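Before any comments, here is the structure.
Since every read-out is calculated from the coordinates, none of them should be taken as a lab result. What you see is a predicted model, and the numbers here were worked out from it, not measured in a lab. Cβ placement follows ideal geometry from the backbone for every residue including glycine, while neighbour counts extend to all protein chains displayed.
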Amino acid sequence: MSTRLMNTLNSGLRCRLGFGFALVACLSFSAQSAEPKLPRAMAWSAYNLGTTGYNQAVGIAKMLKDEHRVTLRVIPGKNDVSRLLPLLVNRVQFSANGVSTYFAQEGVFQFSSPRWGPIPVRVVMMSLGLSNQGIAVAANSGIERIEDLRSKNVPYVLGAPALNVSTEAILACGGLTWADVQRVEFPGYGSMWNAMIAGQIDTAYATTVSGPTRRLEASPKGIRWLTMPHDDAACWQRANQVAPYLQPNFATRGAGISDAAPHEGGNYPYPILTTLATQDEGLVYALTEAIDLGYDQFKGADPGSMGWQMGRQKFQWLVPYHDGAIAYFKSLGLWSTPMQDHQQRLIRRQAVLAEAWSAFVAIKGADTDDREAWDAEWMLLRARHLTAAGFDPIWSTK
C-alpha cells in the first residue's frame, strides 16, 4: 500500500474517532488537502522562449489554470542575473532556474558583485529528466571530440555563469581552457543559438531537449553532441574541478539522440524551481502539492517534463529545500533523518557565507571601483570562512 494512501486512511480514521467540532475540523482539513490554497495569480521567471525550461514552466502554468484556476505568468530571462533579480526584488515568487541557483547561494561568478553576494535561496522541486547538458556541433563540421574545438569559436553568454561554467567544464574534460579557443560573446542564450544555426560559431551549450537544438537537427547541417567518456577518470576530474554539480549520465531524450543512440555525457537538475528562504511556507506547500498531484496533466508538455515526477527528485543536493516543500515531502513519508541532517548542514553553509559577506563588505566598504580586486579578495575571504567552518569552498579563487 502506498505511503500516500496510508496517510489518507490514517487521516480518515482519526476523523472518525473525533467528536463535535473536532470532526468538523477534520473534514475541513481534508477539504483543504484536496484543494491546495494557491493565489489567483503568480509569476515565475524562466529561461528564454522556446527553451525546455520555459516550455516546462508553461506546461505547469496550464495545469495550474485548468486544475486550480491560477493564472501563472512566466517571464523569460535571457541570462542568470535577469532570472534571479526579479525574485530578489519580489517581482516574481519563484524562478524556474538552472544551476545558477547554486552559484547565487555561493556568491560566486556573477553573484560576487557588490549588488549581490550570497543569497539564501531554497529549492521547491526540480526536474531531473532523461536528458543531458552538453555542447553540440554541426554533424557535418568534422568536429568529433571536445579536443577538436581547439582554436574554434566557442560562445560565452554575458551574465550567464550556468552556461559558461558548464561549457568551461566540458572543455576541461577535453583538456582545453578558454585560452585554447576563440571566445565569442553573446547577450543571451537565444542569440547564441541563432549564431550557432547560422554557422557563426562552432559549438553551443544546451540541454539536449532544448528547443533551439531541434532547429540545428532539422537543418542540412544536422547535430552532434560531443561525448564526455564515463570511463575517462581524468576527464571527469578536470570537469568537476570546474563544475562539481555535473555528473555522468546517459541521455536518451533530445535532438539527435534516442534510446538506441544515447548520449554519453553529464547532467544536473534543470529547471530548478527556486525561491527565497523568506517565501511563505503555506504557498510553497500548496505549490509543491499542486505540481505533484498535477504531474499527469503537464508531463507531456515538453520532453523534459517527466523530470518533475516525485520519484525523480534529488532530496540531498547542493542547495537546501524550502520548509514548505519539506512539509509536503514529510506528508508523503519521503523525508528522512539523513535528508534533514543534510538540509541543516546546507543551511549552516549559507549562514557561514552570509557571515563572510558581511565581514567582507565591512572591510571593503564602498570601494567597488576595481572589480577584479574585489572578486579576488572576496573569494579568498570566502574560502577562509568556509574552510574554518569545515566546508569545502569548491572555488578558492576566481
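Quick notes on this structure:
- Rg and Dmax of the range 199-356, based on Cα coordinates, read 18.7, 54 Å.
- Prolate/oblate/rounded label for the range 84-204 (Cα gyration tensor, a/c 1.5): prolate
- Rounded to the nearest 0.05, the FRET efficiency derived from the C-beta distance between SER336 and VAL184 at R0 = 45 Å is 0.45.
- Oblate is the label for the range 186-225, because the ratio a/c of its alpha-carbon gyration tensor axes (a ≥ b ≥ c) is 1.5 or higher and a/b is not greater than b/c.
- Computed per residue of the chain from DSSP H runs no shorter than four, each worth -39500 (n - 2.57), the mean residue ellipticity at 222 nm is -13500 deg cm²/dmol.
- Förster-model FRET efficiency, 35 Å R0, ARG40 and ILE347, C-beta, rounded to 0.05: 0.65
- Cα lying deepest toward the dipole's positive end in the chain, options CYS173, GLN200, ALA104, charges on Cβ: ALA104
- With a Förster radius of 35 Å applied to the beta-carbon distance between LEU293 and ALA260, the computed FRET efficiency rounds to 0.55.
- Each peptide among 200-206, 327-333 gets the average number of other Cβ atoms lying within 10 Å of its residues, and from highest to lowest they stand as 200-206, 327-333.
- Rounded to the nearest 20 debye, dipole of the chain from Cβ charges on Lys, Arg, Asp, Glu: 940
- Positive-end extreme of charge dipole, the chain - chosen from GLY294, ILE363, ALA136 (charges on Cβ): GLY294
- Over 21 Å between alpha carbons, listed pairs LYS78/LYS152; LYS78/LYS221; LYS37/LYS314; LYS152/LYS221; LYS62/LYS330: LYS78/LYS152; LYS78/LYS221; LYS37/LYS314; LYS62/LYS330
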